[in-house]
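The values are calculated or read from the model by the stated rules, or taken from the named source; none is laboratory data. The structure presented is a predicted model; accordingly, all values stated were derived computationally and were not measured. All Cβ positions, glycine included, derive from the backbone under ideal geometry; neighbour counts span all protein chains shown.
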Amino acid sequence: KGKVDVKPTSSNSVLHNRGGVLLQCVKAEVIGHISSDKIFCLFDNGSEKSFIKENVSRRLGLKKVGSERLNIFSFGCKTPKKQTCSKVEVRLRNILNGEVTVIEALEIEEISKATLSLPSPDVWTEMETKGFRLTFNYSESSENCEISLLIGSDFYWSLTHRIKRLDSSLVVVETSLGWSLQGKCDEQSDCTSVHLIHSEEESISAELRRFWEIESLGIRDNDSVSLGMEMKRYLVNLINQFVL
């Protein structure tokens, strides 16, 4: 068997810094008639109403208390989308102290496809050290942080209590559902770019030996067979193509 030279694989890793904007969110338990589940709740006083994902509401068996017809304006739209939404009672339990809060929210198919940015381990540890216990762990993956409940202005201030400033761009907010962070937080994330090079070079001697061992191709038997000039020229051309 011919010699095979393998060049080593190379990779390079680049560390990028990114500025993360943390939205005011908490993790709370929703108590339904069928079952209960822990979900991510986003506080947004820019919304007039509170909304809950329809599939979450139906899966947990939340109690319907009415309906409302809405004119929904989205960014860039000049005309509203008219939609009738069911209103349900949402019982929320603080997962740290067990306190239960009841609000009402409108069922909607989707709140946002965007995933939430989570604080870095350093920020999370600093919060814990200062006595501000967050309702989720820094080890949770941001891909799994889907917004299932949006708490709008209709219940925002009744659930919001103290606000403390940590620095010029980051505040911590106490709510009935637990503490939350809001603002700009410089986070560091590992973004690794890997370039792989894997090449093999096989010596030509092994290939020459394969070409001349014609009996393995069934071209001659065990007796010696002379090769004509045409066959030799064919083999030479084939070898030249391999070398190139």
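Among the conditions (1) under 30 Å from S169 (Cα atoms); (2) of a type in the set (A, V, I, L, M); (3) at pLDDT 95 or above, L15 misses just one, which is (3). Total residues in the range 39-64 satisfying the condition of being buried (at least 19 other Cβ atoms within 10 Å of the Cβ), out of contact with any Leu (no Cβ under 7 Å at 6 or more places or on another chain) and not aromatic (F, W, Y): the figure is 5. Of the residues contained in the range 128-138, none is found to be surrounded by 12 or more Cβ atoms within 10 Å (Cβ to Cβ), touching an Asp or Glu at 6+ places or on another chain (Cβ under 9 Å) and of a type in the set (D, E, K, R).
Pull up the range 155-172, narrow it to residues that are touching a Ser or Thr at 6+ places or on another chain (Cβ under 6 Å) and of a type outside the set (S, T, N, Q), then point me to the one that is surrounded by the most Cβ atoms within 10 Å (Cβ to Cβ).
Taking the range 155-172 as the starting set, the residues that turn out to be touching a Ser or Thr at 6+ places or on another chain (Cβ under 6 Å) are 155, 159-160.
So of that shortlist, the ones also of a type outside the set (S, T, N, Q) come out as 155, 159.
Values: F155: 21, L159: 18.
Checking each candidate, the answer is F155.
Number of residues in the range 88-115 that are surrounded by fewer than 18 Cβ atoms within 10 Å (Cβ to Cβ), part of a strand (DSSP E or B) and touching a Ser or Thr at 6+ places or on another chain (Cβ under 6 Å) equals 2.
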